[in-house]
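Single-structure report; data block below.
None of the figures in this text is laboratory data; all of them are computed from the coordinates on show. Every value quoted in this text rests on a predicted model; they were computed, and no experiment measured them. So basically every Cβ, Gly included, is an ideal-geometry build from the backbone, and we count neighbours across all protein chains shown.
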Amino acid sequence: MSYQAAPERYQNMLYRRSGKSGLKLSAISLGLWHNFGHVDQLENSRDILKLAFDSGITHFDLANNYGPPPGSAEENFGRILKQDFSAYRDEMIISTKAGYTMWDGPYGDWGSKKYLVSSLDQSLKRMGLDYVDIFYHHRPDPETPLEETMATLDLMVRQGKALYIGISNYTAPQAAEAIALLKDLGTPCLIHQPKYSMYERWIENGLLNILETEGVGCIPFSPLAQGLLTNKYLHGIPEDSRAAKPSGFLKESQITPEVLSQLTKLNVLALEREQSLAQMALSWILRDERITSVLVGASKASQLADSLKCLNYLHFSQEELQRIDQILAS
Ligand SMILES: NC(=O)c1ccc[n+]([C@@H]2O[C@H](COP(=O)([O-])OP(=O)(O)OC[C@H]3O[C@@H](n4cnc5c(N)ncnc54)[C@H](OP(=O)(O)O)[C@@H]3O)[C@@H](O)[C@H]2O)c1
């Protein structure tokens, strides 16, 4: 039977405006970096996407290289989209990116016009789409002039292949320059996608202020530090966890006794707040109104269901915030 989205899907989700743009995003967005490649089970990927959409998640984040193998997350997403979501395309914000190694030779990486134009065309084919809602430059390129990269992003919008433009992994000064160039070109930067979590706080030292001043949104990735900021590693490394998988980017060596001690203390605080540790880690990010949406991953629909409940309690007292800072410094 074909999929019918839950009629009540918009009732329990928050929607936040991305900077000063016209676009609102669901406060939780779903990332397809892991768990959607050809190495994964398609039915499981489909279940995660259905739960996401039924829960009011409108934004689905991809990149040319997601898989493994690279490109396969876009292919699988395209298959599921065609089969289950074709009636809902106008309710979805689909993003992709280019900036990391995708194919051999000098035109399959970084930020040249040649690479970005070819890559977006390939992504559209893999997903079976006419356009993406957001196209990101995935990481700054130290060699290509920023003017060339930004003019290419502007071109994509003018060609109708992307509706909005984003940047990812740009430092605060790099972001300020890119935002100014895009403004001059007449295609404002919609959003910045940086890594941000309790364990990765660099955006608090300048970037968030720039984004706020310039009216650009912010969508942090890896908000659970790839699963560390959950209760899953408190008693060992589960076989089906990212840290145990050969294709995962979280390494066992990152789960040190010091980290475990911090996670145990954070978990106590989360339980006091009547939240799971994952929920508390996500609420902690969304407590800042400058954050448009938080970009989570999930290897099972049940994890996403757990994470979504963070929306029930976004408030933190000053004492709780201080306790978190003390735990992270210990
Ligand atoms: N722009 C960039 O450079 C960049 C880089 C990285 C990611 N991203 C984007 O950000 C998205 C999210 O990144 P991420 O996957 O690293 O995010 P994350 O939310 O920090 O980690 C997701 C992982 O945490 C575990 N998990 C999630 N919810 C859980 C819960 N409630 N309880 C227990 N475990 C839970 C799962 O790992 P297990 O597999 O262990 O179950 C899941 O795969 C990506 O899909 C991608 O779209 C962008």
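For the range 155-167, what does the Karplus curve 6.51 cos²θ - 1.76 cosθ + 1.60, with θ = phi - 60°, yield as ³J(HN,Hα) per residue in whole Hz, taken in order and with x for Gly and Pro?
4, 4, 5, 5, 7, x, 7, 9, 8, 9, 10, x, 10
Work out, step by step, the length gained on full extension between Asn231 and Val259: first 0.36 nm times the residue separation, then minus their alpha carbon distance; give nm to one decimal. Walk me through the numbers on the way to the answer.
Details: separation 28, 0.36 × 28 = 10.08 nm, distance 1.22 nm.
My answer for the length gained is 8.9 nm.
Of the chain, which part is the longest with no GluC sites (Glu not before Pro) in a loop (DSSP not H, G, I, E, B) and with at most 12 other C-beta atoms within 10 angstrom? Numbers along the way, then the final one.
Working: sites that count: Glu8, Glu143, Glu239, Glu274, Glu289.
The longest such stretch corresponds to 9-142.
If we count every other residue with Cβ under 15 angstrom of His59's Cβ, Lys/Arg +1 and Asp/Glu -1, where does the sum land? If you can, show how the numbers build up before the last one.
Details: positive: Arg9, Arg16, Arg17, Lys24, Arg89, Lys97; negative: Asp54, Asp61, Asp90, Glu91, Asp133.
Around His59, the charge tally is +1.
Using a basic spin-label model with each label point 7 Å from the Cα along Cα→Cβ, how many nm lie between Lys309 and Asp54?
Result: 1.7 nm between the two label points.
Between the range 274-330 and the range 132-167, how many Å separate their Cα centres?
31 Å
Over the C-alpha atoms of the chain, what are the Rg and the largest Cα-to-Cα span, Dmax, in Å?
Calculated on Cα positions, Rg and Dmax stand at 19.2, 53 Å.
At 222 nm, what helix-only mean residue ellipticity would the chain give, in deg cm²/dmol to the nearest 500, using -39500 (n - 2.57) for each DSSP H run of four or more? Provide the component values of the computation, followed by the final result.
Details: 10 runs with 118 residues, N = 330.
Mean residue ellipticity, 222 nm, calculated: -11000 deg cm²/dmol.
Under 5 Å between amide hydrogens, which residues at least 5 positions from His59 or on another chain qualify, with H placed 1.01 Å from N in the peptide plane?
Amide H to amide H, under 5 Å and 5 or more residues apart or across chains, His59 pairs with Ser26, Leu30, Ile93.
Which value in nm describes the separation of the simple spin-label points at Gln174 and Arg17, placed 7 Å from the Cα toward the beta carbon?
In this crude label model, Gln174 to Arg17 measures out at 2.9 nm.
Among the trypsin sites (Lys or Arg not before Pro) in the range 150-237, which ones are in a DSSP loop with at most 15 other Cβ atoms within 10 Å of the Cβ? Mind listing them?
Answer in residue order: Arg201.
Given H placed 1.01 Å from N in the peptide plane, which residues other than close sequence neighbours of Val294 have an amide H under 5 Å from its amide H?
The answer is Ile28, Ser29.
Helix 318-329 versus the longest principal axis of the chain: what is the Cα-based angle in degrees, 0 to 90, to the nearest 10?
Taking Cα atoms only, the helix is inclined about 80 degrees.
Per 0.36 nm of contour for each residue apart, how much would the distance between Phe249 and Lys82 grow if the chain were fully extended, relative to their Cα-Cα spacing?
Numbers: separation 167, 0.36 × 167 = 60.12 nm, distance 2.94 nm.
My answer for the length gained is 57.2 nm.
Tabulate in residue order the Karplus-calculated ³J(HN,Hα) for the range 111-118, using 6.51 cos²θ - 1.76 cosθ + 1.60 with θ = phi - 60°, rounded to whole Hz; enter x for Gly and Pro.
x, 6, 4, 4, 5, 5, 5, 5
Using the Kirkwood formula over every pair of different C-alpha atoms, what hydrodynamic radius in Å results for the range 37-87?
Details: mean 1/r = 0.0896 Å⁻¹.
One decimal place: 11.2 Å for the Kirkwood radius.
Identify the trypsin sites (Lys or Arg not before Pro) of the range 296-329 meeting these criteria: DSSP loop state and at most 14 other C-beta atoms within 10 Å of the C-beta. Show your work: numbers first, answer last.
Numbers: sites: Lys300, Lys309, Arg323; in loops: Lys300.
Qualifying residues, ordered by number: Lys300.
Select from Gly56, Gly108, Gly99 the residue whose mean-square fluctuation is largest in a Gaussian network model of the chain (Cα-Cα springs shorter than 10 Å).
Taking springs between Cα atoms under 10 Å, the residue moving most is Gly108.
Whose amide H sits under 5 Å from the amide H of Ile134, counting only residues 5 or more places off or on another chain, with H placed in the peptide plane?
Residues meeting the criterion, in which the H sits 1.01 Å from N, are Ile94, Ser95, Thr96, Leu163, Tyr164.
Round to the nearest 0.05 the FRET efficiency obtained for Glu239 and Asp184 when R0 = 45 Å and r is the Cβ-Cβ distance.
Values: r = 52 Å, r/R0 = 1.16.
Computed FRET efficiency for Glu239 and Asp184: 0.30.
Can you tell me the relative contact order of the chain? Whole percent, Cα pairs under 8 Å, sequence separation 6 or more.
Working: 594 pairs, mean separation 58.8, N = 330.
Taking the mean separation of contacting Cα pairs over the length of the chain, I get 18 percent.
Provide, as a two-decimal number, the C-alpha radius of gyration of the range 188-330 over 2.2 N^0.38 Å, N being how many residues it has.
Details: Rg = 15.2 Å, N = 143, 2.2 N^0.38 = 14.5 Å.
Here the answer is 1.05, to two decimals.
Most fluctuating residue of Val294, Val132, Val259 in a GNM of the chain with Cα springs under 10 Å: which is it?
Its mean-square fluctuation being the largest, the pick is Val259.
Once you list every other residue whose beta carbon is under 14 Å from the beta carbon of Leu321, what net charge do they have if Lys and Arg are +1 and Asp and Glu are -1? Walk me through the numbers on the way to the answer.
On the way: positive: Arg201, Arg273, Arg287, Arg323; negative: Glu204, Glu272, Asp288, Glu319, Glu320, Asp325.
Net charge around Leu321: -2.
What percent does the relative contact order of the range 39-161 come to when contacts are Cα pairs within less than 8 Å and at least six residues apart? Present the calculation step by step, with values, prior to reporting the outcome.
Values: 154 pairs, mean separation 29.8, N = 123.
Relative contact order comes out at 24 percent.
Tell me, what is the FRET efficiency for Thr213 and Leu321 to the nearest 0.05, using R0 = 22 angstrom and their Cβ-Cβ distance as r?
Values: r = 24 Å, r/R0 = 1.08.
According to the calculation, E is roughly 0.40.
Would you please report the Å³ per residue occupied by the convex hull of the alpha carbon atoms in the range 148-205?
Working: hull volume 4.5 nm³, N = 58.
Residue-normalised Cα hull volume stands at 78 Å³.
With springs only between Cα atoms under 10 Å, which of His38, His192, His235 fluctuates most in a Gaussian network model of the chain?
With Cα springs under 10 Å in the chain, the top fluctuation among His38, His192, His235 is at His235.
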